[in-house]
Every structure is written in structure tokens, then in C-alpha cells.
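Undergrad: Sharing a structure below in C-alpha cells format, with a few things to ask.
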Amino acid sequence: MSGTHPTREEDFDLYALGALDGDEKAAFETHLETCADCKVQLADSYGRMALLAFSAPGVAPSPQAKERLMRQLALTSPGRGATAVELTPEPGGILARWWEVLLPLAGAFALASVLLWVHNQTLERQVADLRSTIVRQQAQLSQARDVAEMMSARDAVVVSLAEQKNQPEGTARVIYNSRRGLLVYNGHLAPTTADQSYQLWLVPTTGAPISAGVFNPASGETNSIVARVPPGTAAKAFAVTLEPAGGKSAPTGPMILVGPVL
Ligand SMILES: [Zn+2]
């Protein structure tokens with residue numbers, strides 16, 4: 001057999017993996033000593049096995065070699081184990097086995113580290129997003145709590161606003177807590193033209209009306225305003241006027257809704 005090339009292509013891969021055993025291995029080595037072609041082919045196999053250990057894409061042992069290796073491993077009994085994978089040092093043999101095990105592990109470890117880092121970056125971004133959402137929601141919750149507390153407070157007054165003669169139809173209600181300087185308006189009014197806005201006013205017992213909000217209701221929708229005025233402001237009435245778009249610092253237009261504080 002020393003004069004003939006190995007008939008099976010996979011012998012080169014198996015030998016490079018250190019998985020060729022017994023007579024096959026001896027015959028292979030005897031032949032190698034005299035055959036330059038097979039030495040080149042074996043060097044090729046070592047190279048491919050090394051690349052395989054690096055998990056380089058597109059490089060794999062021949063399917064036959066894989067199959068035979070699997071078969072050998074499956075057939076290996078405790079008594080024959082030592083012959084299935086020889087531990088005798090041979091050129092490149094041990095190196096190939098070490099790489100086979102350690103390099104993919106190192107590669108997987110590096111990949112896992114990178115993936116963890118990317119995952120961590122993503123998580124940090126999500127946490128930051130969540131934090132700003134929580135801050136926003138806490139502000140909203142705090143305002144909602146203020147409003148709820150104000151509406152249930154004993155010192156809150158409810159003022160009904162009635163439509164005026166020869167003016168558009170509408171209705172509204174204001175809940176006002178002078179101690180807290182907080183008011184909530186809910187009303188129904190027809191939409192304004194583009195160059196006009198409604199404006200809500202607190203009319204104090206003394207002094208000029210205080211603007212409590214400018215609004216342009218959409219058709220058929222309830223308009224809600226939560227406004228803050230100086231705490232302790234005694235109110236005489238609430239009114240809605242029709243003003244130039246964007247509102248004014250003092251009422252100039254017709255009164256649409258008015259409600260006295262009783
Ligand atoms: Zn040969």
C-alpha cells in the first residue's frame with residue numbers, strides 16, 4: 001500500500017484532525033514519506049482544518065470525512081477510545097486538535113462579548129427613554145392630582161357659564177379654587193373662523209380681567225383648559241370672549257359666555 005495514493009479523499013482531513021487510526025494511519029504515513037503530491041494535499045488539509053477552527057465561512061471538511069469521523073466517534077468504546085483519536089505527537093496533529101476546540105470557543109466568547117456590549121448599549125438607551133417618559137408622566141400625574149384634589153376640595157366653586165343674547169350658542173363650566181389659584185374649564189362652543197380665537201377670563205372682585213387661556217375648539221369637541229392664576233384671587237365672574245386669533249391681554253371682543261361666581 002505504500003506505493004499507492006490514499007484512495008479516499010477524506011483520509012487527508014482525518015489525518016490532519018488526528019482521527020486516522022491503526023493500519024490506515026501507518027500506511028498513510030509510509031506513503032507520505034515518498035509522495036510529494038500527498039504531502040502537498042495533506043498541507044492543504046491542515047490549512048483547511050485550521051481555518052475551520054477559526055470558523056471561517058465556506059470552509060469545511062469534506063462531507064465524507066465528517067461522516068467517517070462521526071462514525072468513528074460513535075463506534076468508539078471505552079477500550080478502543082485511545083485508538084480512535086491518537087494522542088501521539090505528530091506534526092500539526094496536536095495543534096490541529098487544540099485549535100479545533102479552543103479557537104471556536106475564543107471566537108464565540110469574543111462574539112458574545114460584542115453582542116452583550118451592543119445589547120447593553122440598547123438597554124441603556126431604552127432606560128434613558130423610559131426615564132424621560134416617567135418624568136413626563138409624573139408631571140402629568142402631578143397636575144391631574146392637583147386638579148382632582150382641587151375639584152373635590154370644599155373651597156372649590158363651580159360656575160356655570162351661559163350663552164349671551166345674539167351670540168353663538170354654547171355652554172361651559174368652570175371649577176375654581178382661589179386658595180390654590182387653579183381653575184378647570186370645560187365647554188362646548190362652535191369653531192371660530194381662522195382669524196379668531198376664544199379667550200377665557202377670570203373677572204376678579206377688584207382689578208382687571210385675568211386671561212385664563214386662549215382656545216380654538218374643533219367642531220363638536222369639548223374644550224378643556226387647566227389654568228393657574230395668582231393664588232388668593234377672589235373671582236366675581238368668568239367669561240369667554242371672541243378675540244383676534246391668539247388672544248389679547250385684555251378683553252376686546254364680544255362676550256360669548258358669562259357666569260357669575262355666586
Ligand atoms: Zn500520494
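Undergrad: Could you pull out the residue among GLY170, GLY181, GLY220, GLY187 that is free of Cβ contacts under 8 Å to residues at least 40 places away in the same chain and closer than 25 Å to LEU257 by Cβ? Step through it out loud before you land on a result.
TA: Numbers: GLY170 fails: free of Cβ contacts under 8 Å to residues at least 40 places away in the same chain; GLY181 fails: free of Cβ contacts under 8 Å to residues at least 40 places away in the same chain; GLY187 fails: free of Cβ contacts under 8 Å to residues at least 40 places away in the same chain.
Selected residue: GLY220, the only one of GLY170, GLY181, GLY220, GLY187 that is free of Cβ contacts under 8 Å to residues at least 40 places away in the same chain and closer than 25 Å to LEU257 by Cβ.
Undergrad: Let me ask another. I'd like to verify a number: residues in segment 135-167 that are over 40 Å from the mean Cα position of the chain (by Cα) and touching a residue at least 60 places away in the same chain (Cβ under 8 Å), how many?
TA: Number of matching residues: 8.
Undergrad: Please go through segment 1-26 and pick out each residue that is of a type outside the set (Phe, Trp, Tyr), open to solvent by less than 20 Å² (accessible area, probe 1.4 Å) and within 12 Å of the ligand (Cβ to nearest atom).
TA: ASP11, the sole residue that qualifies.
Undergrad: Tell me which residues, restricted to segment 27-48, are crowded, with 16+ Cβ neighbours inside 10 Å, among the small types (Gly, Ala, Ser) and within 12 Å of the ligand (Cβ to nearest atom).
TA: If we filter segment 27-48 for residues that are crowded, with 16+ Cβ neighbours inside 10 Å, which is where we start, we get 27-28, 31-32, 35, 38, 41-42, 45-46, 48.
Going one step further and asking which of them are among the small types (Gly, Ala, Ser), we end up with 27, 45.
Answer for segment 27-48, where residues must be crowded, with 16+ Cβ neighbours inside 10 Å, among the small types (Gly, Ala, Ser) and within 12 Å of the ligand (Cβ to nearest atom): just ALA27.
Undergrad: Exactly one condition in (1) closer than 16 Å to TYR176 by Cα; (2) touching a strand residue (DSSP E or B) at 6+ places or on another chain (Cβ under 9 Å); (3) not aromatic (Phe, Trp, Tyr) is false for ALA250; which is it?
TA: Going through the list (1) closer than 16 Å to TYR176 by Cα; (2) touching a strand residue (DSSP E or B) at 6+ places or on another chain (Cβ under 9 Å); (3) not aromatic (Phe, Trp, Tyr), ALA250 breaks only (1).
Undergrad: Can SER197 be described as free of Cβ contacts under 8 Å to residues at least 40 places away in the same chain and open to solvent by less than 70 Å² (accessible area, probe 1.4 Å)? Write out each step before concluding.
TA: Details: free of Cβ contacts under 8 Å to residues at least 40 places away in the same chain: no; open to solvent by less than 70 Å² (accessible area, probe 1.4 Å): yes.
The answer is no for SER197.
Undergrad: Another question, then. In this structure, is ALA190 of a type outside the set (S, T, N, Q) and open to solvent by less than 70 Å² (accessible area, probe 1.4 Å)?
TA: Values: of a type outside the set (S, T, N, Q): yes; open to solvent by less than 70 Å² (accessible area, probe 1.4 Å): yes.
Taking the combined requirement at face value, the residue satisfies it.
Undergrad: Among the listed residues ALA144, ALA106, identify the single one that is over 30 Å from LEU202 (Cβ atoms), modelled with pLDDT under 85 and small (Gly, Ala, Ser).
TA: Working: ALA144 fails: over 30 Å from LEU202 (Cβ atoms).
Going through ALA144, ALA106 in turn, just one is over 30 Å from LEU202 (Cβ atoms), modelled with pLDDT under 85 and small (Gly, Ala, Ser): ALA106.
Undergrad: Please enumerate the residues belonging to segment 243-262 that are open to solvent by 30 Å² or more (accessible area, probe 1.4 Å) and not small (Gly, Ala, Ser).
TA: Within segment 243-262, the subset open to solvent by 30 Å² or more (accessible area, probe 1.4 Å) is 244-246, 248-252, 254-255, 258, 260-262.
Answer for segment 243-262, where residues must be open to solvent by 30 Å² or more (accessible area, probe 1.4 Å) and not small (Gly, Ala, Ser): PRO244, LYS248, PRO251, THR252, PRO254, MET255, VAL258, PRO260, VAL261, LEU262.
The values are calculated or read from the model by the stated rules, or taken from the named source; none is laboratory data. Worth saying up front: this structure is predicted, and the values here are computed from it rather than measured. We place every Cβ from the backbone using ideal geometry, glycine too, and count neighbours over all the protein chains shown. Surface areas here come from the heavy atoms of the whole protein model, side chains and all, with no ligands, DNA or RNA. Shrake-Rupley method; radii C 1.70, N 1.55, O 1.52, S 1.80 Å.
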